[in-house]
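What follows is one structure encoded as structure tokens, with my remarks underneath.
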Amino acid sequence: MTDYSSIEQRVVDHLRLFLGDEATQAYERCGRSLLKLSSLARESTHSSYRLLAAGLALAQETLAEPMRVATVFDTPAAVKDYLRLHFAGQAYESFVVLFLDAQHQLLTAKDLFRGTLTQTSVYPREVLREALNVGAGAVILAHNHPSGVPEPSRADEVLTTTMKEALALVDVRVLDHIVVAGTRTVSFAERGLV
């Protein structure tokens, strides 16, 4: 029997619903990290892990629900929680855009660009095209830092300015750019950078 805290034991008990007898082994193999286990589940083709990935997707949709019925400003914690789950355990950088209507309610969230461990190429033209396609009035930009360090780079700041200028040409506001690194986030809006 493994010595688990009450929280860890609860995690393993829930994992058993998806992974059966493999739950304890999988949790230990991932260093008792749900972030690592999430990554494993999303990349696996094994049916039990695919089931776990589906559970994660449902949790993500649960977090997105308040953003569809209230303005994102009413639920900034929900936005960050949603993004933390979205990027959980992801070993590569990717760029996500939350497209919002004129009342700042979530229309859709889309992964638009996927990169490597340390960088992602982002094309403002593609973001602009998608914003027009879904009828967005505003956007929240987000990307992850698999390094675990959420501090935005100078390139992140330049990209945000470029996006803000490009989208302003079609009356789409950039409300924030959030960098996610594991469980930590940095908001450009909270730092006065948007």
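Just so it is clear, none of the values below were taken in a lab; they were calculated from the coordinates. Please read all numbers here as calculations on a predicted model, not as lab measurements. Neighbour counts run over all protein chains shown; Cβ positions are idealised from the backbone, glycine included.
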**OP:** Quote the charge dipole size of the chain about the Cα centre in Debye, to the nearest 20; the model charges only the Cβ of Lys and Arg (+1) and of Asp and Glu (-1).
**Re:** 200 debye
Original post:
What is the spin-label model distance, in nm, from residue 151 to residue 32 if the labels are put 7 Å beyond Cα along the C-beta direction?
Top reply: 3.0 nm
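What share of the DSSP beta bridges in the chain is antiparallel, in percent to the nearest 5? It would help to have the intermediate numbers written out before the result.
Numbers: 17 of 24 bridges.
DSSP beta bridges in the chain are roughly 70 percent antiparallel.
Compute the Rg/Rh shape ratio of the chain: radius of gyration over Kirkwood radius, all on alpha-carbon atoms.
1.01
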Original post:
How many nm separate the modelled label positions at residue 110 and residue 43, each set 7 Å beyond the Cα in the direction of the Cβ?
Top reply: 2.7 nm
**OP:** Just report the Cα centroid separation between segment 8-71 and segment 179-193, whole Å.
**Re:** 24 Å
**OP:** Can you figure out the FRET efficiency of residue 130 with residue 7, using R₀ = 35 Å and their beta-carbon distance, to the nearest 0.05?
**Re:** 0.35
**OP:** Take the Cβ-Cβ distance between residue 91 and residue 161 as r, set R0 to 41 Å, and report the resulting FRET efficiency rounded to the nearest 0.05.
**Re:** 0.90
Original post:
Given the rule -39500 (n - 2.57) for each run of at least 4 DSSP H residues, summed and divided by the residues of the chain, what is its mean residue ellipticity at 222 nm, to the nearest 500 deg cm²/dmol?
Top reply: -15000 deg cm²/dmol
